[in-house]
Every structure is written in C-alpha cells, then in structure tokens.
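*Asks:* Just dropping this structure here.
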Amino acid sequence: MIISNPAARSNWSKCKRAATAALFILLFTSALARAESIGASAKTWIEIKAADKAAKGLANSNVTAKERLRVEQIYYQLARDNPQSVPAHNAVAAFLWKNGKAEAAIEHWRTSQRLQPENGEAANRLGGAYLRMGRVREAAEQFLFAVRSESDNPDYHFDLANVEFVFRRDLTAAWKIDSAELLQRALFEFREASRLAPTNLEYAGAYAETFYGMPNPDWEQAQIAWQHYLELSTNRNRNFAYLQLARVCLKRHKKAEALSFLDKISDPSYSGVKEKVRKQAETL
C-alpha cells in the first residue's frame, strides 16, 4: 500500500509503532507465562522426587508405623500443593496403591484423567487397578484408552493384549464382538508391543504363543515370530524356542526343518516332548 500524504504517513508510522509495542508486550507476557509454568513444573518434579526418595526408606523391614505415616503425609501434601498437576496425582496414586489404599489411589488417577483426559499413564494404571478388583470391562476400556493416548508405548499394548486374550469370554459379551475378532485384536496388540520393544523377550514370546490360540493361524508369521524369540533367547530359553519352531514347522508340513530344530534341543528335560514331536514329524 502506498501513502502519499505526509500527515497520513506519520499517522501510519505511529500506528505501526503502537502495534509493534503491543505485540512485544503480548509476546513478552506469553513467554513469561510459559517460563512461570516451566518453573512450576520443575518445582513439582523436585517435590515428586523428594517424596519418592522418602518412600524408598519404607522398604526397610524395621520401619515404624510413625515413619510410614510421615511419608504418606508427604505425598498427600504433594497433592495439596499441586492440585492441577497430573504427574503429582499419578505419583500419589502409585504410592497409595503400593501401600494398600486402592480406593484412594483410584481417586487420584481419576483426578489425573479429569485434568488431562489423554494421559496414558493414568488410564493404564486405572486399567490395572480395575483388573485387580475384577472389573474386567472397565479395565479393558482403560487399557484401550491408554493405547489410544500413547500409541508408541509398548507396555500399554501388552497390557491391552493380555486382557483381551485372557478375558476374551467376558469381553465378547460386554463388547458384543465374536471371539475370533477379539483374538485378532489381541494378536495385533501383542505384535505392536513386540515391534515397539524389539529386544523384549517376554513380549516376543507372548506374541508368538498367541498364534496357538487363533482359529486360523498364519503359521508362516508364527514361525517368523518364534525365530525372533530365538534370536533374543539366552541359552536357557533356546531349547524352548527350538521346540516351538519344530512344532510350527510341522504345522507348515516342513518335515526336514522340524527335525533340524529338534536336533538342536540339548536339554534332557525336553526328551519326552521332543520324541513326541519327532514321531509326529515322521508321519508326514
């Protein structure tokens, strides 16, 4: 825009200076607010660490009831001092749950969810709490919510997969889906847990074992899963992995591969099952 009138140009310059000053004040205020927020957050984390450090002393078998109460009060004070802090409420809840105060712990995790509905930690912990209390449907819904909130957390996928697989009879009725679909969902969650934590032997094993419970297993994928488990295995687990690979090869009608894996089993405690699988291989 071109302004030819000198007076108008002067007014325009004043407007620009005023706007610049206003913008500077706005940005400065915003930056100050962020700095105060960061400072408050850092202070909260320091308080959480201090409470957790005090709680470690309770592991001593000689700790007195008075000392236990003192640490409990530190956590309650943490919640009172930081009523809007999700990490603070999660820390308090974890302490209370560990020390046998389930209902109080659940209330703090629920507070965390109200403050931050997408908080994966609160949802996952609530899922575990509800499961311990026998509230399977509520537990599964919280585990599912945790996965949706933090899809890159392998632990959340693993917990959801476990509840979907183990309690599938309860959930097929509650969620009105058939068992086959629920098993597929569990298999997918185990696979995600293993993919996100590729060096975790427990997750690899859970994924591989789930194929045995599927109505129409993909045995090729099962063999890949057991091969991954073998790659992670220590000497103690390798015989178990060889046995499972032999079984899966039989399912795929690969006799030579099955016998090859059986020959690698050296632990004498596997002798009985090893010979049983070998006889099955000989019939192919």
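*Asks:* Are any residues in region 202-229 under 16 Å from A258 (Cα atoms) and open to solvent by less than 10 Å² (accessible area, probe 1.4 Å), and if so, which ones?
*Replies:* A222, A225, W226
*Asks:* With the structure loaded, tell me whether R125 is at pLDDT below 95 and either open to solvent by 60 Å² or more (accessible area, probe 1.4 Å) or within 30 Å of P198 (Cα to Cα) (or both) or whether it fails that test. Break it down stepwise before answering.
*Replies:* On the way: at pLDDT below 95: no; either open to solvent by 60 Å² or more (accessible area, probe 1.4 Å) or within 30 Å of P198 (Cα to Cα) (or both): yes.
Answer is no for this residue.
*Asks:* Considering each residue of region 153-171, count those that are open to solvent by 60 Å² or more (accessible area, probe 1.4 Å) and over 8 Å from the mean Cα position of the chain (by Cα), and give that number. Can you show your working first?
*Replies:* Looking only at region 153-171, we keep the residues that are open to solvent by 60 Å² or more (accessible area, probe 1.4 Å), and these are 155, 166-170.
From the residues that got through so far, the ones that are over 8 Å from the mean Cα position of the chain (by Cα) too are 166-170.
Adding up the residues that qualify gives 5.
*Asks:* Considering R252, R185, which residue is farther than 29 Å from Q142 by Cβ, open to solvent by 30 Å² or more (accessible area, probe 1.4 Å) and either in contact with a helix residue (DSSP H, G or I) (Cβ under 7 Å, 6 or more places away or on another chain) or hydrophobic (A, V, I, L, M, F, W, C) (or both)?
*Replies:* Values: R185 fails: farther than 29 Å from Q142 by Cβ.
Answer to the selection: R252.
*Asks:* If L245 satisfies all but one of (1) open to solvent by 50 Å² or more (accessible area, probe 1.4 Å); (2) out of contact with any Cys (no Cβ under 7 Å at 6 or more places or on another chain), what's the number of the condition it fails?
*Replies:* Here L245 clears every test but (1).
*Asks:* Looking at E138, is it open to solvent by 60 Å² or more (accessible area, probe 1.4 Å) and either assigned to a helix (DSSP H, G or I) or of a type in the set (S, T, Y) (or both)?
*Replies:* Here the answer is yes, as E138 does meet what is asked.
*Asks:* Same structure, new question: Out of all the residues in region 270-281, which are in contact (Cβ under 8 Å) with a residue 24 or more places away in the chain and open to solvent by 20 Å² or more (accessible area, probe 1.4 Å)?
*Replies:* Y270, V273, K274, Q280
The values are calculated or read from the model by the stated rules, or taken from the named source; none is laboratory data. In this text the structure is predicted, and so the values were computed from the model without any measurement. Note: ideal-geometry Cβ built from the backbone for every residue, glycine included; neighbour counts use all protein chains shown. Note: accessible area is taken over every heavy atom of the protein model, side chains too, but ligands, DNA and RNA are not part of it. Shrake-Rupley method; radii C 1.70, N 1.55, O 1.52, S 1.80 Å.
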